[in-house]
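One structure is given below, encoded as structure tokens.
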Amino acid sequence: MPILHLIGYLLLVGGAWLFRASYVGWLGPYVFAAAVLLPLVVLLISLPSMMGLKITLLTPKRVIRGSSAKLTVDFVNRRLLPVHSITLHLEIYNRYTGDRSRLNYIFRNLESSRSELPLNTSLCGELECRVLRFECRDALGIFAIRRKGSSTASCTVMPQAAEGDEPVNFEAALKAGTILKPKYGGGFAEDHDLRPYRPGDTANSIHWKLSSKLDEPIVREPLIPENSTIFIVLSRVGEGDRGLEVLRWLSRKLTELDEPHVIVADSLYPVGNEEETDDAVASILSWPLREPCGFDANGARCIFTISAGEVRWQ
């Protein structure tokens, strides 16, 4: 029982006792009895509201680090008499960094069934918000009932997409490790090789201008990459936000160049568009960063390695 409510109740009982002692009529004992029994009567009336109260948490799915975000608390109470106050005990756990904080909020005289609380978005990671318990007080604020919470909500704080410390020459990086092979069935290709004519080659593949100079048929043979997989490896050195920013930028840049790739972190994440990039980053942020998992680099066309804000390729 709060001290102020206790003092107020004692003053009420004391005033009723003085009224009974100084008033000669029949009303005195009834006033004193009403003052004594008032908290119990109000408790019985408030009990359905206190026991029927439900709390639900709502958060945005994703926000950018440093932006404003709100945790919405919904109070659902279908009873007529509202509760005096609600003390809410929350736990917010960052699954990526491992930070855990516990916050207490007091709501009094709720004018609306919905309240908004600020979310800390200074660090990237999946924020898991959970109601540990809450306390409801009756209409007079004298008696309280403590109840366990069960509502949870999660919000992923995403990094900004930012370029690395040094510019990346994508043309050189993607071509440096490319191994070309003849394209089966022929057709068009950006790269090609010149070789002598062999039986079975089509007339469309003959390089007529060069053939006339060499006095023998020369064929333009289309070539395609034999090793087409591009990997982006997020090393443990890049566990800070800077490494995540570069990862998101690099992956988005490759999708703009129409280059599907695989992000290597705690798992392998195939990426082909911007939405898949964000899904992969969000999945990485849902667990503590570990050493990159193993992958087969034999078929790699290019391997980008992100170490904090630096990008290397091979």
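Please treat every number below as a calculation from the coordinates, not as lab data. Treat the numbers as computed from the prediction; the structure is a model and nothing was measured. Here the Cβ is made from the backbone with ideal geometry for all residues, glycine too, and neighbour counts use every protein chain on show.
Summing +1 for each Lys or Arg and -1 for each Asp or Glu among the other residues whose beta-carbon sits under 11 angstrom from that of ASN104 gives 0.
When only alpha carbons of segment 260-314 are considered, Rg and Dmax amount to 11.5, 29 Å. Dividing the convex hull volume of the alpha carbon atoms of segment 53-158 by its residue count gives 90 Å³ per residue. Mean separation of Cα pairs under 8 Å and 6 or more residues apart, divided by the residue count, gives segment 53-158 a relative contact order of 36 percent. Applying a threshold of 28 Å to the alpha-carbon distances of LYS175/LYS253; LYS209/LYS253; LYS61/LYS253; LYS61/LYS175 flags LYS209/LYS253; LYS61/LYS175 as lying beyond it.
Applying the criteria of a DSSP loop state and at most 10 other Cβ atoms within 10 Å to the trypsin sites (Lys or Arg not before Pro) of segment 52-103 yields LYS61, ARG78.
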